[in-house]
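Below you'll find the structure, written out as structure tokens, and then a few comments.
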Amino acid sequence: MRRALANMVRTPLGAVALALLALVVLTAIVAPLIWGEQADVTDTGDLLAGPSAEHLIGTDNLGRDLLLRTIVATRLSIVLALLATLVAVVAGLILGVAPLLLGPVLGRAMTWFTGIAVAFPGLLLALFFAAIFGSTATAAVFALGLAGAPSFARLCQNLIAGIEARDFVAAARVGGIGRVRVLFRHILPNIGEPLIVNSTIGAGGTLLAFAGLSFLGLGVQPPEYDWGRLMMDGLRGIYANPRAALAPGLAVVIAGLAFNLTGESAARSLGLADDALLRTVTRIRRRTPFGRAAAQTAITAAENGAVLEVEDLRVDFEAADGTVVHAVRGIDFRVRTGEIVGIVGESGSGKSMTALAVARLVNPPGRVTASALRFLGVDLQAAEGPALRRLLGTSMAMVFQDPMSSFNPTMRMGAQLAEVATEHAGLSRREALDRAADRLAAVRITAPKRRVRQYPYEFSGGMRQRAMIGMGLMVSPRLIIADEPTTALDVTVQSQVLDLLRAIRDEDGASILFISHDISVVAELCDRVLVMRSGEIVESLPASDLSSAQHPYTRALLAAVPHMATPLDRPLATLATLAAEEGRAMDADSTTDAETHAETHAETDAEAEPNPVDAVGGDHEEVGTR
């Protein structure tokens, strides 16, 4: 919080906002203590006096000094406005989260109710509730609070709907996390900043609305007084002494500006509080993450052979009913130093699951087994605890398919990249941020020192993808696993990403395991290609030999890619039509009972709703039948 305030002070807007807010708060605290009694002193010999040296804006009908009463009224005006804002925020938050907690039926009804309430003007609702609750200060607080609740509820619902659609919320639900925990752990932290900003700005509007109610006689009642009450009293003699009404009105304007400007400047500064996590991590991790001897051994092993060695890799998932899905079934491959190896295949063929298994990211109920799974000469199956974490964190990088879902939207980009260096390289916070800017520059992002202060949504799709690659380069990895990094990118940005990966290989000597369903992209980038189908590698060949591939499935993948000579009067080729033309030759090698069972199951369910079990691309069978 101190850092956020410091950043606000550095900007003209923040400095002015905080100065005004401090002035208002200080006046609210001090004025009643110093001038409270003097403001209530009556002088029957000086009733309704005009401005003078003794009374700068005159006196009221009891001879009380109007300037002192305006200053003293600051406390009650501010307190009542803040209470009404609190009621609006709490009530709005309850209405806003209700659709998430109540389920689709009741939640939809709550959304409709909120929409109807928002359609009514706030002032009309305030007058309606004020007529019900009565003409007191407490009634006005609840009237304004409930009148402002629908707008906060709609804001919450819109924010929550956007966060609910994110992949990390879906993953939490798939993992069995309940609605309440999803709300407090994943949703509220991501909508906290706009809620705080809108609450601060809303306090300024509520202050004006409360003054309006008191001006109409529906708020503060004598003998108490706030700015609205003083404006009502001053209106009676506005032609004789206009300052009596203008002074409390000016006070409302100044206080409202203080809240509104503070809200705007806070929107630009609150996110920096996330750096506190980096400072904490830095203090507890001032050590070299990977021992020099072990690191040298790993580098020597990589230089003398393969960076990654995989033999008989299997990934299985067992359901509660005993059904087992074989996502990856006994594949072998290796990645040499400085080599770009592509894994290509249709969706569900097991490409991404292979990458997750190599990176030790498959969690139960997934089960990973292999005859050999070595990275930089280290057995990944035997290594555990901090040693494994340091090895993977410093020498292996993962570039995910959707960086917008992979980046935390509540943290600035620099903080997210710097966290890698503070966690695994022992850098200080400042050093890590400088490194983050350097890595953004390395992946050809312009103005990196400015970009590290921005949020993920301020980056374009191609910039986020390059930033994800930059995050992987924070600790100079020996192997980069790129899981479909060009998906959903236009051809220009796709070409830039591919050029960047080549440059990383050439400049840093890093090996790359590139995963894609687009065989033309793989042929352009990779040195060697592994073709996967149904969890198995059906063909391995140099990328330069793809045009003379022997396996029917590889030829079908190549033929399914449209080119300039593709006939415009014929339907585009698909794997299914090509299989028919080949006489289903692609299935000739599928002779095991398990594969026959998988093909039969796929044909049976072709017209039914897709089974999520089949999405991983492997066959499934009862336990013990393999």
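Any chance you could run the full-extension gain for residue 13 through residue 323? It's 0.36 nm times the residue separation minus the Cα-Cα distance, nm to one decimal.
Here the segment from residue 13 to residue 323 would lengthen by 105.4 nm.
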Quiz item: How large is the charge dipole for region 318-432, taken about the Cα centre, if only the Cβ atoms of Lys, Arg (+1) and Asp, Glu (-1) carry charge, to the nearest 20 debye?
Solution: 300 debye
Self-check item: residue 47-residue 236 pseudo-label distance in nm [points 7 Å out on the Cα-to-Cβ vector]
Solution: 1.0 nm
Exercise. Can you put 493, 344, 30 in order of Cβ neighbours within 10 angstrom, beginning with the fewest?
Key: 30, 493, 344
Quiz item: If each residue's Cβ is checked for other Cβ atoms within 10 Å, how do 227, 35 rank with the fewest at the top?
Solution: 35, 227
Practice problem: Have a look at 325, 443, 494 and report the one farthest towards the positive end of the charge dipole of region 292-541, computed about the Cα centre with Cβ charges (Lys/Arg +1, Asp/Glu -1). | Solution: 443
Quiz item: Scaled to the compact-protein estimate 2.2 N^0.38 Å, what is the alpha-carbon radius of gyration of region 18-123, rounded to two decimal places?
Solution: 1.73
Quiz item: Hey, rough spin-label estimate for residue 431 and residue 116, points 7 angstrom out along Cα→Cβ, what's it come to in nanometres?
Solution: 6.3 nm
Practice problem: For residue 349, enumerate residues with amide H under 5 Å from its amide H, sequence gap 5+ or separate chain, H modeled in the peptide plane. | Solution: none
Quiz item: Taking 0.36 nm per residue of separation and subtracting the Cα-Cα distance, what length does fully extending residue 94 through residue 35 add?
Solution: 17.2 nm
Practice problem: Would you please put 563-569, 140-146, 235-241, 308-314 in order of how densely packed they are, using the mean number of other Cβ atoms within 10 angstrom per residue and starting with the highest? | Solution: 140-146, 308-314, 235-241, 563-569
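Please give me the summed charge of the neighbours of residue 104: other residues whose Cβ is under 13 Å from its Cβ, Lys and Arg +1, Asp and Glu -1. Walk me through the intermediate numbers first.
On the way: positive: 108, 179; negative: 164.
For residues surrounding residue 104, the net value is +1.
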Practice problem: Return the loop-located GluC sites (Glu not before Pro) in region 330-427 (DSSP other than H, G, I, E, B) with at most 15 other Cβ atoms within 10 Å of their own Cβ; answer none if there are none. | Solution: 384
Practice problem: Under 14 Å from the Cβ of residue 528, count the other residues' Cβ atoms, weight Lys and Arg +1, Asp and Glu -1, and hand me the total. | Solution: -3
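Every number in this text was worked out from the coordinates using simple rules, so none of it is lab data. What you see is a predicted model; the values in this text were computed from it and never measured. Positions of Cβ are backbone-derived with ideal geometry, glycine not excepted, and every protein chain shown enters the neighbour counts.
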